[in-house]
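Accompanying notes for the structure given below.
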Amino acid sequence: MQTLSRFMFLAALTVMSVAQAAPRDDILAAYAAQAKAGDAAFAGVSAVRGEALHRDRHAGGKADSPSCTSCHGENTRAAGRTPVGKTIDPVAVSVAPTRYTDAAKVEKWFRRNCREVLGRECSAREKGDWLAFMITQ
Amino acid sequence: MKPLIRSIAVGAALFAVGAVMLERAKAGSDEFFPPVTDPLTRQECGSCHMAFPAGLLPARSWQKMMGELDNHFGDDASVDAATARQITTYLVAHAADSAGHGDMRRWLRRVPASAAPQRITELPKWVREHREVSPREWTRKEIASKVNCVACHVDAERGYFEDD
C-alpha cells in the first residue's frame, strides 16, 4: 500500500513537472522559430551562447547593471538581489520549476532587463539562448 | 442556562468592541499602513521592491507615477495598459487621501496640495520619522537602499512600520 501511494505521488510529480515543461518548451520553440525567420542560417538555440550572454559584462546598459549577474548573482541556483535590496528567486529551472511558463511575463522581463543590461531589447536568438541555458541549470 | 447565554453575549460584545478599538488604534497610528491586498498590484509593484502600501502617497502621486512607468526612477517598469488601469484604480482607491483613509492625512502633513510627490522617502513626515537614523547606517550592505523598508521594519510586508 505504501509502495503504491509512493508510486502515485511520484507519478503525480512527474505529470506536474511535464505540465510545466510544456509551456516553457513552447516559449523556447517560439523564440527559435522567430530567430530562424530572421536568419535562414540560424541552426538552433545554444545554452553555451546563453551562458555567455548571462555572465558577460556588457556595455550600453546601466552602470550598476553591466551583467545579468549584477542582480541575479553568479550562481543561477541561488537567490539574487535587486539594486534596492529585494530578494529575487533563483533563475535556474531546476530550483524554480514554475519559471518561464507564462509567455507574456517572460517577454516583459526580457524587455525590461535587456534594456537595463544591454541598453537595447534582446533579439529572439538571444532570448532563446538564455532560456535554453536556464533550462539546463 | 440563561446566565450562561448572557455571559457569552457579554463576552462576545466586549471582544467586538476590543477588536474595533484595536483597528482604530492601528489605523490612527503612524506605524500601521494597510498592506496591498490586490494580487495584481502586489505582484507587479512587488517584484523589484516591496509593494508599498497605497496609503503612503496621495492619489495624485500614484496617478502621476502610473503614467510614467517607462521611466520609473530611471528604470523601465512599464506594464500593459489594462494592468496599469487596474493598478491605478486600486492605488487611488486606497491612497493616503482617499475616502476610507481619513486618518492617513497626518502622513501628508506639509505636502502642498499642488505637489504630487513621487518618493515616499522625501515626504516631510518620512524624513522626520527617520531623523534618528545615522547616514552611516543607511550605507549598511543589508539595507542597500532607503526603499528597502523590511531591512529594519521586519513586519513591513504586513503593514507594520514600528521602530525596530
What is the distance in Å between the Cα centroid of segment B:65-93 and that of segment A:91-106? 24 Å
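Stretch B:T37-B:A113 to full length: gain in nm at 0.36 nm per residue minus the Cα-Cα span? Don't skip to the end; give the middle numbers.
Numbers: separation 76, 0.36 × 76 = 27.36 nm, distance 2.69 nm.
That pair, B:T37 and B:A113, stretches by 24.7 nm at full extension.
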If you take the alpha carbon radius of gyration of segment B:75-164 and divide it by 2.2 N^0.38 Å, what ratio comes out, to two decimals? 1.26
Using +1 at the Cβ of each Lys and Arg and -1 at the Cβ of each Asp and Glu in chain B, identify which of B:A99, B:A115, B:C149 lies farthest towards the dipole's positive end. B:A99
Which value, to two decimals, describes the C-alpha radius of gyration of the protein assembly as shown once divided by 2.2 N^0.38 Å? 1.26
About its Cα centre, what dipole magnitude does segment A:22-136 give when the only charges are +1 on Lys and Arg Cβ and -1 on Asp and Glu Cβ, stated in debye to the nearest 20? 260 debye
For peptide A:83-91, compute the average count of partner chain beta-carbon atoms within 10 Å of each residue's beta-carbon. 5
Tell me, Kirkwood radius of segment A:30-137 from alpha-carbon pair distances, in Å? 14.1 Å
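Among the complete DSSP H segments of chain A, which ones combine at least 20 Å of alpha-carbon extent along their axis with a mean Kyte-Doolittle hydropathy of 0.5 or more? Before the final figure, lay out the partial values.
Details: long enough: A:2-38 (54 Å, 0.56); A:103-118 (21 Å, -0.73).
What comes out of the filter, once short or polar helices are dropped, is A:2-38.
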For helix B:81-93, what angle does its Cα long axis make with the longest principal axis of chain B, in degrees from 0 to 90 and rounded to 10? 50 degrees
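With 29 Å as the limit, write out which pairs from A:K127/B:K141; A:K86/B:K125; A:K105/B:K64; A:K127/B:K64 have Cα-Cα distances beyond it, or answer none.
A:K127/B:K141; A:K127/B:K64
What size of dipole, in debye to the nearest 20, comes out for the protein assembly as shown about its Cα centre when the only charges are +1 on Lys and Arg C-beta atoms and -1 on Asp and Glu C-beta atoms? If you can, show how the numbers build up before the last one.
On the way: 40 positive and 36 negative charges, 89 e Å.
My answer is approximately 420 debye.
Given C-alpha coordinates of segment A:85-137, what is the ratio Rg to Rh with the Kirkwood estimate of Rh?
Numbers: Rg = 11.3 Å, Rh = 11.8 Å.
A ratio of 0.96.
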About its Cα centre, what dipole magnitude does segment B:33-158 give when the only charges are +1 on Lys and Arg Cβ and -1 on Asp and Glu Cβ, stated in debye to the nearest 20? 620 debye
Pop a pseudo-label 7 angstrom from the Cα along the beta-carbon direction at both B:A9 and B:E129 and give the gap in nm to one decimal. 4.2 nm
How far is it, in nm, from the label point at A:S123 to the one at B:V150 when both lie 7 Å from their Cα along the line to the Cβ? 3.8 nm
Of all the stretches in chain B, which is the longest one without any exposed loop site, taking trypsin sites (Lys or Arg not before Pro) in a DSSP loop (any state but H, G, I, E, B) with at most 13 other Cβ atoms within 10 Å? B:1-108
Cα-based radius of gyration of chain B once divided by 2.2 N^0.38 Å, which approximates compact folds: 1.25
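Every number here is computed from the coordinates shown, using simple stated rules; none is lab data. Here the structure is a predicted model, which means the values were calculated and not measured. In this analysis, Cβ positions are derived from the backbone assuming ideal geometry, glycine residues included, and neighbour counts consider all displayed protein chains.
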